[in-house]
Structures are given as structure tokens and as C-alpha cells.
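Peer 1: Below is a structure I'd like to ask you about.
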Amino acid sequence: MDILQTIKLAFRGIIDNKMRSFLTMLGIIIGVTSVIALVSIGQGTTAKVTEQIQSMGSNLLTVNIMGRGATTTLSYDQAMEFMNSSYISGVAPVISDSVTVEHGNVNEEDITLQGVNEYLLSVRNYSVDNGRFFTAQEIQSRKRVAVLGSEIASKLFGFVDPVGQTVKIKGYNFEVIGVMKSSSSMMGSTDEQVFIPITLAERILQSRGVRMIYIQASDKDAVSSAKTEISAKLDKIFRVKSEDDNFSYRIFDQSEMLETINETSKTLTMMLGGIAAISLIVGGIGIMNIMLVSVTERTREIGIRKALGARKIDILNQFLIESLVLSGIGGIIGVIFGYVTSWGLGKFMSMSTKTTLPVVIIAFSFSIFVGVFFGIYPANKAGNLKPIDALRYE
Amino acid sequence: MVINLENVYKIYEMGDAEVHALDDVTLKIEEGEFVAIVGPSGSGKSTLMNILGCLDTPTSGKYEFEGRDVSRLNDNELAAIRNRRIGFVFQNFNLLPKLTALENVELPLMYAGKSTSFRRNRAKEVLEAVGLGQRLHHKPKELSGGQQQRVAIARALSADPSIILGDEPTGNLDTKSGREIMEILKALNKNGKTIILITHDLNIAKQAQRNVHIQDGRIVKDEKVVG
Ligand SMILES: Nc1ncnc2c1ncn2[C@@H]1O[C@H](COP(=O)(O)OP(=O)(O)O)[C@@H](O)[C@H]1O
Ligand SMILES: [Mg+2]
């Protein structure tokens, strides 16, 4: 029989019973909307966290040295030996302490002084806003130059360009050669920090050796090999015999962290979607309920159609198409609401949402599936009515 | 032979009691006949008509429709017979209220799998034949009883069946409309359709060629109408 005609009739039935149809579809609309909105929130949050972790520097390994016995640190030269590894593209040891920074009669207390080398910028994915960063030459020659965090720069200099000016730290004068671009990540901000060559920091702070090294693997696939090489070397230095025995150093792997977070947020997103999907199933039960009422109400119509030659399959199709049209329209409205809700949450509640096509397709398909699944029983009931019983029904 | 009923029973169980709605009915109807089945209310006329129309099945006995044993046919084959071989006209019209006259008449053609354009043309043709060419797009409730029954006849005719079954088709109509319906049925019979008409009205029955009298589920008299 004529599918198009049946679809047309189903639409007409829906329009004839606007309120009932809307209430029937409401379950599906809410279901699809919440699946899309919640999964969008989950995906948006994942994307944001991932981006933040990646902004700390790509393929980053962070090495913390606790040491063993009298040797509690690595020397700067020992740390820089990691550069010999072919898996490693940057080594940025850091010595830090809290100091007072002065310029003229302004002084700022409790500023974190970071003794760093020329690799820091690329390893940590930082950039300089004004002026430039240290050269290898300046590190080697312990030149008295400094790069300021953006916040400290404006506190000390106001609207004056700090580049070329002088700051005083622990009684030494430093020429300011650059100002960092404001940055903040999960590992803190550079805005309130002052950077000087690490070689100089060792002297000024009277701190021998480094406890913290940022290392950049040459690419994503090199991360684990780099880690193995670093471990092997540190094991030798600190005479670590086994993994369990290692209290001397820790290596944090950014990609491992990313994986863990991604895994967790994926599970969370699935759970959110799953909970929302339950409301779709409830919507399906609503459709089944209404279709059953409709079959009863239209028993006589079914009888007439059968008397005129409708087969079981014709009647079954008619009711199945009706529940499909109901759930399909509900699904489409839900998709629109889902997009709008996700967009609205991002725009007005400043949540990170990310609506992807696969999620929309899955949510819509699921609403169609729900329509078929919960439509089958009423449709089958209608198709199985005996013509004479249906005709006699009052 | 279009219809061949042999020793047909239809028994309804009502608690402990049994109702013999049809009690050993044997009836043969040839092609082209105009038969009225007459009897008082509750005599089993509708039961008989439902069995003849393949809407219901006998409790026992044999029913051959156009030479085929109906008890051996499956649901789809029975639907095909109702669709293409039989046209029904009911006392209460049984039109679908949400469809227009044209759409109602198209229904059997739709279930016969005819194309939209064929359905349109054929439905128009039969509606014009029953004098409703000006009412194609009216809904049933916008039509008078007589007009509704004419739509129903058009619908019964649309798939060009060989036999028309009418269960008190004039029962709900005023005399004038009833007469018009009878004229249409007589004209159809002249054109070769077999007509089986159920009625409790002897004046209606007189207009057929043959009267089968039924009482308490039994055929009590089967006679040619003279005149
Ligand atoms: N579905 C049914 N269940 C029980 N009894 C029925 C049923 N249908 C008809 N009958 C009984 O069968 C008898 C014949 O009914 P019916 O064929 O409708 O008579 P008519 O059409 O001549 O008025 C009546 O006694 C009626 O009560
Ligand atoms: Mg009756």
C-alpha cells in the first residue's frame, strides 16, 4: 500500500489532535534535548580540559628531584645532559625562590624568581609579549638580564615600557629584556614571576643544583622512550634499584594525565547521555500508551479498512508509521532544542559546550528507534484485530 | 456459482447457553442474481452476510466463494477477496469521517496497490456515476444520509467487484433516499453485478429477483419474486 499516503494521513492525524500529539511528543522532545545538551556539556568540558593540559606544553615531562642521602639535587650540567637523547628536544631546569623585586622606589615582595634557560619558552609553550627571551649565550655568560611576568611588569612600571629598564633583585641590578605574555594554565601563571638565567640564579640564591626539570619529548611517540631514558639515567645517579624503591625522583607525564582525564570525562559523558536516554525511553512509553488508546478509539476504522481489503501488514504499517512520525517530529524538535540549549548554556551560563554531529545523529536515531520499538506492540495489536470484531466495535 | 453455502452453522457461546445464529444454512447464488435476504431482527441476517463477505468464519459447514473453499484461505487471501471481489454497503455507511468522499472511495484502490492518478480518476468516475460529481471533497458529515450511502456505494464499486453485499443499506434512510439507493442497486444488477441485499423490509425485498427468508438462523423459504 501507499506509504506516502499513510505518512500524509499520519501528519493529518497529528494536526487534528494537536494537543495530544504535542504531549505525546514531549517525552521524546525532552529526551533528545537533554541527551544532546548533556553530552555537549560533557564533550565541551573534555575539550576545554584537554586544551588546558596541552597549553602547558606539548609532550611535556615534568621531573621532580627529591634526591638520596647527601645528593638532593642534580647539577645544571647533569640536567642538560638529557639533551643528548634523541627523544628529547628541550630541557628546561628551573631553580626558584621567593624574592623582593625593586624598581626605583617601588618594591614588590614575595615574587617568585625563576632561574631558567633558553629552552623554557618552547618547552612550556610560553611566549614573550614585548622584547625577547634569553639567548643560550646569555645563559652561559650569566648575563644580568631579566624577563618579567606581565602582572609584575605593570606593577613595577605602570605604563612605562619596562624593556631596557633596570630592576634590583637581592642587591643586583638586572636589565629587563622582555615581558611575558600573560598565561595561566593548570600549573599556575607566569604573571607574577620574574625570570633570570639559571646560571645566575644558582649564585644569587646560593642554591646549588636543580630540583625541577621540564623536559619536552621530540614528538608524541617519543614520550615514553624519553621517559625510559630519563629514568635509567636518574636511577644510575641516585642508585635506585627498583621502581618501588624510588623515592629519589618523580616523572609526571602530561600525555598520561591527558589519557586519564579523557577516560574519566568520556565515562562521565556516557553516564550523562545514558541518564538522558532514560527519559527518551519514558517518552517511548508515552508514545506506546497513546498509540494503544488510539488503536482502541479507532477499532471501527480498522474494521472498515479491513472490510475494504486492508491486510494485517497494511494496518500494522499505518500505526507504525504514525508512531514513527510522532517520534520523528519529536526527535527533530528535540534536535533543534538541543542545539539551542547547548548554545544557550555556552553563551549565557559560560559553560563549555561542544555539540558534535555524531551525538545529534545518535540522539535522533535513538528517538526513531524508540518510536519503532514502542510502536510495534500497538501496531501489531491493531493489525491482528479480526475484521468482524473491529467492525462490530461501538 | 458465486456463492455456495452447505450446512453452515454459526454458534455463539453465551456462558452456558449456545446461540445458533446460523443453523444448517444451505444457499447457492449464481452470478448476476439480485437476492434479498429477509427476516426479522435477530434472525441471523447480519451473521450470514458477514460470513458471505469473508469478514467472519462459520463454526462448521462449507463455504465456497467463486469456487474456492474459504476455510482454506489465509488472512491475506481473504483480504484480497474483500478488496477485489466484494463490495460492502452497510446500514450505517461506515465511511471514515476524516477522509473526503474522494479519499473514502479511493481506499479499496489504495489497498489494491493502484497508482495515485489511477485512484483519483477511478474514484471520480464512480462518484460521478452515483451522482456525486459535485461533492468530491466533502467530508461525510457535510453530506446527507442518502449522499453518504451513495459515497459508500461508490466505494464498494471502485475496485470493480463482481458482487455487492448490502446489510440494510436503506435502513437509516428516509423513503426517498432509500428509493434512490435501490434504483442504483437495480441499475448495477442490470449491468451484471451480483447483488445480495439484507433487509427486514418486505417492500424493499420485493424489488429483488429472489427472496430468501430466514428465521432463527434457518432458511424457511426461498422464492422467486414474481412481477
Ligand atoms: N458476537 C455475537 N455474540 C453473541 N451473539 C451474537 C453475536 N452476534 C450475533 N449474535 C446473536 O446472533 C443472532 C443473530 O444476530 P444477527 O445476525 O445480528 O441478526 P440480524 O442481523 O438478523 O438482526 C442474535 O440472536 C444475536 O443476538
Ligand atoms: Mg443486522
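The values are calculated or read from the model by the stated rules, or taken from the named source; none is laboratory data. Note that the structure is a prediction, hence the values are computed from the model and not measured. When we count neighbours, we look across all protein chains shown, and the Cβ atoms used for this are built from the backbone with ideal geometry, even at glycine. SASA here: full protein model, heavy atoms, side chains in, ligands and nucleic acids out. Shrake-Rupley method; radii C 1.70, N 1.55, O 1.52, S 1.80 Å.
Peer 1: What are the radius of gyration and Dmax of region A:67-247, computed over its Cα atoms and given in Å?
Peer 2: Looking at region A:67-247, its Cα Rg and Dmax stand at 17.3, 56 Å.
Peer 1: While we're on this one: Could you order A:V49, A:V176, A:V359 so the one with the most accessible surface comes first? Probe is 1.4 Å. All intermediate terms of the calculation are to be shown ahead of the outcome.
Peer 2: Values: A:V49 40, A:V176 0, A:V359 20 Å².
Of A:V49, A:V176, A:V359, the descending order of accessible area is A:V49, A:V359, A:V176.
Peer 1: How much space per residue, in cubic angstrom, does the convex hull of the C-alpha atoms of region B:3-224 take up?
Peer 2: Roughly 127 Å³ of hull volume per residue.
Peer 1: Right, another one. So how exposed is A:I204, as accessible area in Å² (1.4 Å probe, rounded to 10)?
Peer 2: Counting only protein heavy atoms, A:I204 exposes about 20 Å² to solvent.
Peer 1: Using a 1.4 angstrom probe with every protein chain in place, what is the largest-first accessible-area order of B:K141, B:K114? Let's see the in-between values first.
Peer 2: Values: B:K141 175, B:K114 90 Å².
The ranking, largest first, comes out as B:K141, B:K114.
Peer 1: Given B:K45/B:K190; A:K306/B:K190; A:K312/B:K206; A:K220/A:K347, which pairs have Cα atoms separated by over 30 Å?
Peer 2: Violating the 30 Å limit, Cα to Cα: A:K312/B:K206; A:K220/A:K347.
Peer 1: A further question on this structure: Within 10 Å of each Cβ of B:85-94, how many other protein chain Cβ atoms are there on average? If you can, show how the numbers build up before the last one.
Peer 2: Details: counts 1, 3, 2, 5, 0, 3, 0, 1, 1, 7.
Mean partner-chain Cβ count within 10 Å for B:85-94: 2.
Peer 1: Let me spell out the model: positive unit charges on the Cβ of Lys and Arg, negative unit charges on the Cβ of Asp and Glu, origin at the Cα centre of region A:67-247. What dipole size does that give, in debye rounded to 20?
Peer 2: About 480 debye.
Peer 1: Compute the distance from the alpha-carbon center of region A:321-363 to that of region A:25-100, in whole Å.
Peer 2: What the calculation gives is 33 Å, centre to centre.
Peer 1: Over the Cα atoms of the protein assembly as shown, how large are the radius of gyration and the largest Cα-Cα distance (Dmax), in Å?
Peer 2: 44.7, 139
Peer 1: On to the next question. If the reach is capped at under 21 angstrom between alpha carbons, list the lysines near A:K266, excluding any in the same chain fewer than eight residues apart.
Peer 2: List returned: A:K48, A:K354.
Peer 1: May I pose another question? Which value in deg cm²/dmol, rounded to the nearest 500, describes the helix-derived mean residue ellipticity at 222 nm for chain A, given -39,500 (n - 2.57) per DSSP H run of n ≥ 4 and division by the residue count? Kindly include the intermediate steps, with their values, before the conclusion.
Peer 2: On the way: 13 runs with 221 residues, N = 394.
The per-residue figure over chain A is -19000 deg cm²/dmol.
Peer 1: If DNA, RNA and ligands are ignored and the probe is 1.4 Å, what is the ranking of A:K220, A:K354 by accessible area, most exposed first?
Peer 2: On the way: A:K220 155, A:K354 100 Å².
I get A:K220, A:K354, largest accessible area first.
Peer 1: Now, a different point. Bin by bin, in steps of 5 Å, what percent of the Cα pairs in region A:196-285 do you find, going until the bin that has the longest distance?
Peer 2: Pair shares across the bins are 3, 10, 13, 12, 12, 13, 9, 7, 5, 5, 5, 3, 2, 1, 0, 0.
Peer 1: Using a simple spin-label model with points 7 Å from Cα along the Cα→Cβ vector, what separation in nm is obtained for B:D216 and A:S55?
Peer 2: With each label point 7 Å from Cα toward Cβ, the separation is 9.8 nm.
Peer 1: Same structure again: Any chance you could look up the accessible area of A:Y119 with a 1.4 Å probe, heavy atoms only, rounded to 10 Å²?
Peer 2: About 60 Å², rounded to the nearest 10.
Peer 1: Might you report the magnitude of the Cβ-based charge dipole of chain B about its Cα centre, with Lys and Arg at +1 and Asp and Glu at -1, to the nearest 20 debye? All intermediate terms of the calculation are to be shown ahead of the outcome.
Peer 2: Values: 30 positive and 30 negative charges, 220 e Å.
Taking the Cα centre of chain B as origin, the dipole is about 1060 debye.
Peer 1: What is the calculated FRET efficiency for B:D69 to B:K28, with r their C-beta to C-beta distance and R₀ = 22 Å, to the nearest 0.05?
Peer 2: FRET efficiency, B:D69 to B:K28: 0.90.
Peer 1: Suppose we keep just the DSSP beta bridges with both residues in the protein assembly as shown; what percent of those would be antiparallel, to 5? Don't jump to the answer; show the numbers that get you there.
Peer 2: Details: 61 of 88 bridges.
Of those bridges, close to 70 percent are antiparallel.
Peer 1: Using the beta-carbon distance between A:F373 and B:A129 and R0 = 41 Å, what value does 1/(1 + (r/R0)^6) give for FRET efficiency, to the nearest 0.05?
Peer 2: Numbers: r = 46 Å, r/R0 = 1.13.
After rounding, the FRET efficiency stands at 0.35.
Peer 1: Let me ask another. What ranking, highest mean first, results for peptides B:145-157, A:236-248 when packing means the other Cβ atoms within 10 Å averaged over each residue? Mind showing how you got there, number by number?
Peer 2: Values: B:145-157: 24.7, A:236-248: 12.5.
Highest to lowest by the protection proxy: B:145-157, A:236-248.
Peer 1: In nm, to one decimal, how far is the A:I336 label point from the B:S115 one, both placed 7 Å along Cα→Cβ?
Peer 2: 3.6 nm
Peer 1: Mind telling me which of B:F118, B:F88, B:F65 comes out most flexible in a GNM of chain B, alpha-carbon contacts under 10 Å?
Peer 2: Per the Cα network of chain B with a 10 Å cutoff, B:F118 tops the list.
Peer 1: As an exercise, use a Förster radius of 51 Å and the Cβ-Cβ distance of A:Y393 and A:K266 to find the FRET efficiency, rounded to the nearest 0.05.
Peer 2: The pair A:Y393/A:K266 has a calculated efficiency of 0.45.
Peer 1: Using the Cα centre of chain A as the reference point, and only Cβ charges (+1 on K/R, -1 on D/E), how large is the resulting charge dipole? Debye, rounded to the nearest 20.
Peer 2: It comes to approximately 1520 debye.
Peer 1: What's the average, rounded to a whole number, of partner chain beta-carbon atoms within 10 Å of each residue's beta-carbon in A:297-308?
Peer 2: Mean shielding by partner chains, rounded to a whole number: 6.
Peer 1: Just want the answer: with Cβ charges of +1 for Lys and Arg and -1 for Asp and Glu, which residue in B:V225, B:T57, B:G131 is farthest toward the dipole's positive end in chain B?
Peer 2: Of the candidates, B:G131 comes out farthest on the positive side.
Peer 1: Between B:N76 and B:D16, with labels modelled 7 Å along Cα→Cβ, what's the label distance in nm to one decimal, could you check?
Peer 2: Once both label points are built, they end up 4.7 nm from each other.
Peer 1: Taking every DSSP beta bridge that has both residues in region B:3-224, what percent is antiparallel when rounded to the nearest 5? It would help to have the intermediate numbers written out before the result.
Peer 2: Numbers: 22 of 40 bridges.
Here the share of antiparallel DSSP bridges comes out near 55 percent.
Peer 1: Enter the Cα centre distance for the pair region A:119-191 and region B:74-145, rounded to the nearest angstrom.
Peer 2: After rounding, the separation between the Cα centres reads 89 Å.
Peer 1: Quick check: from the Cα gyration tensor, does region A:85-142 come out rounded (a/c under 1.5), prolate or oblate? Can you show the working numbers first?
Peer 2: Details: a/c = 2.23, a/b = 1.96, b/c = 1.14.
Judged from the Cα gyration tensor, region A:85-142 comes out prolate (a/c at least 1.5, a/b above b/c).
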